[in-house]
Structures are given as C-alpha cells and as structure tokens.
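This report concerns only the one structure given below.
The values are calculated or read from the model by the stated rules, or taken from the named source; none is laboratory data. Note that this is a predicted model, so its numbers are computed, not measured. Neighbour counts run over all protein chains shown; Cβ positions are idealised from the backbone, glycine included.
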Amino acid sequence: MSNKIIKQKLTLGLPAGSLKEATLELFKKAGFRITIEERSYTPYIDDLEIECMLMRAQEIPVYVEDGVLDAGITGKDWIEERGVKVVEVVELAYSKKGFNPVRLCLAVPNNSAIESISDIEGKRIATEFIGLTKKYLRKNKVNAKVEFSWGATESKPPRLADAIVELVDSGKSIQANNLKIIGTIIESTTRLVANKNTWRDKWKREKIKNIALLLEGALAAENMVGLKMNLGKENLREIITLLPVLKKPTIANLSKRGWMSLEIILSEQTVKNLIPALKRAGAESIIEYPLNKIIY
C-alpha cells in the first residue's frame, strides 16, 4: 500500500454506455488502469489523486458545469445540447467504433416523400437532442413537432414519427432500419472538459493538463508502430528511399564497423508491405513493436 499522503483529489466523470469501452481502452494506453465492478458507478483508477464516477455522457457536461465533477469525458454534441459553459481542454477524436467524428443527422424512411429539411414542415421528429433539433429547425425557418425519444429512436418512423434526429457513427444502424439521411446538424468528437473554477485551481489545472497530454499521446499512437533494424552503411541510401517521404528516421552507428541502426515510427498498414522490401534492400534484425503513446 502506498504511503503517499493525498492532499487533493480530482473528480473525473467517465461515460457509461457506448463510449465506455473505448474510453477505458484509451485510458489504459495512456497509462491509467481503471477497473469497474459489476453494478458499480465508482470505478477504481490506479492514481490516488483521481476519483472516477461513471455516468451517462449527456449528464457529464451539466455536472462539470455545476462543479459536482472537476472534469469529464463527453461529446461535443452533448456540450452543445445542454448549453453549458465549461472549459474544453482537449478534443479527443475517438468514438465507440473508430476515430472519425460522429454526425448528428436528420433521417427519414427510405420510402418517405420527405427529401429535405423544408419538407419537415408540420411533421413529427423523435430525438434525444431536443435543443439542437429545435435550433436547427429555427435556423432553417421550419416548424415541426419535436418529441423526446427515450431510446430505440431509429425504430420510431414511420408509425411514431415522420423523422428522427440521431447520432450516426458508421451508418449501419440507419441502413438497417431502412432510413436515409437528409441533413447533418453538427459533427461531434469526444472532449475532455473541466469546470471553470477547477481550471483556476493551479494543482487541478496541472493535473487535468497532464491527463490530456497522456490521452492525446495514446490517440496519436493508434494504428502506429515502431520499426527498428540494422543495416550496412552501403545500403543506407536505398533503404531511406523505401521509407515514407515525410518520415525522418533515427540513425545511429553500431559498434560493428560499417554498420548502423535505424528506427522509425510508421503507420501499421504501411509496415506490412515495407518489411519485405527492407529485407531485400539489406536490412537485418528487423523489429516491429507496438506503441502506447506518442508525445509530439
């Protein structure tokens, strides 16, 4: 057991639901081990200066603004929907299925006569995003009835609603429910946000900035690997020409006369075609290794 005296703690909100697993994996790569017991909403994290709380992503912005949480992980969509004033510390471009932004979209049945936002006039829309939907309608000078959806939103049309506004990641759920997208309200990425008063506290601000740095480093390392090899100096020019143009390798002389080591960070997809070519060009003892973090 650690004898370290903890003078302060940072209260951090983590998203339950669809973002949970991707968030826990990101924190793991950043160097934080988080474990959640069944039916528990207070995860354990191996940093005694952090206290975690697990909750819905849509709740996190409000609790951060109110100071119940010092900081939290949530989506830009929920920050906008809840209309909160928080410090957006860093954008973390990941979602439950990848690293592209999700879109908040207006969708209707494939066989619907509705083709554009203007055709929504007088219709019924089901969504969790009441505020953003009404704002979108006002912007386009369209009147429609907006009803809160308690879940399974894609299943509402055509019997319970004429259209829906829903987050779209891969788009497979929209297609599976025979819907088509006719408009995008916003694009959204995950954010680390902080309470404004928390941000004025020197210790807590530094702690949050450290977390942000490590999370960014973990994201930067996604789908990247390190590649290390030995080569004779006579093969250096040819091997350099095989490497991606924008990548600058680290080169060092070995104790063996006329030999060098070369190390570089590359896209994982690039490496599978590159290694055989490097071998043919004279590289030896080629090592590919995974990366947890890249700090630029």
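For this structure, a couple of remarks:
- Unique match (being under 30 Å from residue 205 (Cβ atoms), surrounded by fewer than 18 Cβ atoms within 10 Å (Cβ to Cβ), β-branched (Val, Ile, Thr) and in the same structural domain as residue 198 (by TED's automatic domain parsing)) among 68, 64, 86: 68
- From the options 261, 285, residue that is over 29 Å from the mean Cα position of the chain (by Cα), polar (S, T, N, Q), closer than 30 Å to residue 213 by Cβ and part of a strand (DSSP E or B): 261
- Entirely in region 91-167, the strands (runs of 3 or more DSSP E) that have 2 or more residues that are in contact (Cβ under 8 Å) with a residue 24 or more places away in the chain and surrounded by 22 or more Cβ atoms within 10 Å (Cβ to Cβ): 102-109, 124-127
- Qualifying residue in region 258-266 (condition: closer than 26 Å to residue 92 by Cα and either out of contact with any Gly (no Cβ under 6 Å at 6 or more places or on another chain) or small (Gly, Ala, Ser) (or both)): yes
- In region 52-68, the residues that are under 14 Å from residue 16 (Cβ atoms), part of a helix (DSSP H, G or I) and not aliphatic (A, V, I, L, M): 63
Each row is one residue, and each column tells you yes or no for (1) within 26 Å of the chain's Cα centre (by Cα); (2) without any contact (Cβ under 8 Å) to a residue 40 or more places away in the chain; (3) not assigned by TED's automatic domain parsing to the domain that holds residue 33.
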position: 215; (1), (2), (3): yes, no, no
position: 236; (1), (2), (3): no, yes, yes
position: 242; (1), (2), (3): no, yes, yes
position: 266; (1), (2), (3): yes, no, yes
